[in-house]
Amino acid sequence: MITLDSFSALGEPQRALIDDIRAGRAPHAALITGIAGTGKRTLARLLACALLCTAEGKRPCMQCKGCRRAQAMTHPDLLLPSTKEKDRSIKVEDLREIIRALSYHASEGTRRVVLIENAQRMTPQSQNALLKSLEEPDGETTFLLTSSGETGLLPTVRSRCRVVRVQPWSDQQIISALRERGIAQARAQELSKLCGGSLGTALDMDGDENYFALREACGRTFFSLRSMQDVPVASAHLKDKKDSADEILSMVELKVREYLLHAMRAADAPEPMAESRCHEMWLQASPRSLEHIMSALIDARKYRASNVSWQAIAEKLLYIISEDINS
C-alpha cells in the first residue's frame with residue numbers, strides 16, 4: 001500500500017513537507033506538482049489524512065475516525081470545490097462553500113484542510129477569490145493544491161504556496177509498488193522501463209491488454225526484419241491495425257530512440273522488444289541509419305495527417321527499416 005513513507009523515499013522536497021506536517025509545522029499552503037502519474041493526488045490526500053488524524057503517534061494512522069472520513073472525502077473539515085466530473089474548469093461558484101466556510105472555525109478539532117486537485121483548472125476569478133485567504137492565514141487552515149504544472153496558476157497564488165515537485169519514481173520503487181498489487185515480477189520490470197517514472201502510467205498500461213498486444217505486434221514486425229523478404233509478411237500482420245496506427249508509431253519511435261542513444265554511446269543497450277527477432281542487428285546499426293529511420297517515422301506521421309492509407313505508410317516504413325538495419 002502506498003503511504004507517506006513511500007513518498008518520503010522519492011526525494012527531499014516531499015520528505016521535508018511530510019516531516020513538517022507530522023511534526024505540527026504544516027505550511028499554510030502547499031502546491032504539489034509533477035508529471036502525470038507520480039501520485040500528486042494520492043500524496044495530497046494522505047497529507048489531508050495526516051492533518052485530520054486524531055490518533056497519537058505517527059500520522060496518518062488510517063484507522064481513526066478522522067482518517068477514515070478524510071479518506072472517504074466526507075470529513076466536515078475537509079473542504080473541496082463542488083465541481084462535477086465533467087466540468088473542465090473550477091469556477092468561483094464552485095468555491096462558494098469553501099469561501100463561506102473559511103469565515104468560521106473548524107467543525108471538529110482545530111484544523112481544516114482545503115484540498116483543490118487539478119488547481120490549474122481554476123479560472124483566474126477563482127484564484128483571485130482565494131487570494132485573500134492565502135494572504136491572511138488564520139492558523140487553522142492548510143491549503144493543499146495539486147497541479148500538473150505551474151503555468152496555469154497566477155504568480156500571486158504560486159508565490160503564496162510552498163511548491164513541492166514530486167519526483168518520478170525509480171524503477172525499483174515502481175517494481176515494488178506493482179509487486180504489492182500482485183503483478184508478476186517480469187511484467188513489473190517491463191512496466192517500470194516503459195512508464196517513465198510514472199506509477200500511474202504503469203498501472204494504466206498493466207490494465208490495458210491491448211497495449212501489450214500492440215507492443216508484441218511491433219516487435220514481430222518492425223523489429224523482426226532480417227531481410228527485404230520479411231516485409232510483405234510483416235505488412236500483412238499490420239493490415240488490421242489501422243485504428244491503433246498512431247500508438248504503434250509512438251511505440252516504434254520510442255524504441256528506435258533507445259537504440260539511437262545507445263549507438264551514440266549516450267545510454268546503455270535497451271532491452272529487446274517482445275517478439276523481436278533482430279535485436280542484435282538493431283544494436284549494431286549506425287547512428288546515421290537510426291537517424292534515417294527516425295526521419296522516416298516523422299514522415300509517416302505527416303502521411304497519417306494527410307490521410308494516406310495506413311497500409312501504404314506501414315509498408316514504406318518497413319522497407320526503409322529493413323534497408324537501414326540490414327545495410
Seminar exercise, completed: From the Cα centre of the range 142-165 to that of the range 58-96, the distance in Å is 18
Problem set entry | the chain: most fluctuating residue of Ala26, Ala48, Ala186 per GNM, C-alpha cutoff 10 Å | Ala186
Exercise. Tell me, what HN-Hα J-couplings in whole Hz come from the Karplus equation 6.51 cos²θ - 1.76 cosθ + 1.60 at θ = phi - 60° for each residue of the range 43-50, using x for Gly and Pro?
Worked result: 4, 4, 6, 5, 5, 4, 4, 4
Problem set entry | Calculated from backbone phi, Karplus (6.51, -1.76, 1.60) coupling profile of the range 52-67 in Hz, x at Gly/Pro | 9, 5, 10, 7, 8, x, 5, 10, x, 7, 6, 10, 6, 4, x, 5
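Can you pick out the pairs among Lys58/Lys84; Lys40/Lys255; Lys193/Lys302; Lys84/Lys132; Lys40/Lys91 whose Cα atoms lie more than 32 Å from each other? Let's see the in-between values first.
On the way: Lys58/Lys84 34 Å; Lys40/Lys255 28 Å; Lys193/Lys302 28 Å; Lys84/Lys132 25 Å; Lys40/Lys91 22 Å.
Beyond 32 Å: Lys58/Lys84.
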Exercise. Amide H to amide H under 5 Å from Val163: which residues, 5+ apart in sequence or cross-chain, H placed 1.01 Å off N in plane?
Worked result: Leu31
Exercise. What list of ³J(HN,Hα) couplings, whole Hz, do you get for the range 134-140 from phi and the Karplus terms 6.51, -1.76, 1.60, once you set θ to phi - 60° and write x for glycine and proline?
Worked result: 5, 6, 10, x, 9, x, 9
Seminar exercise, completed: Interchain or sequence-distant (5+) residues whose placed amide H lies within less than 5 Å of the amide H of Thr142 are Arg112, Val113, Val114
For this session: Of all alpha-carbon pairs in the chain, indicate the percentage at a distance above 31 angstrom.
Result: 47
Problem set entry | Computed [θ] at 222 nm, deg cm²/dmol, the chain (DSSP H ≥ 4; -39,500 (n - 2.57); rounded to nearest 500) | -15000 deg cm²/dmol
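Bear in mind that the values in this text are calculations on the coordinates, not laboratory data. Keep in mind that what you see is a predicted model, and the values were worked out from it rather than measured.
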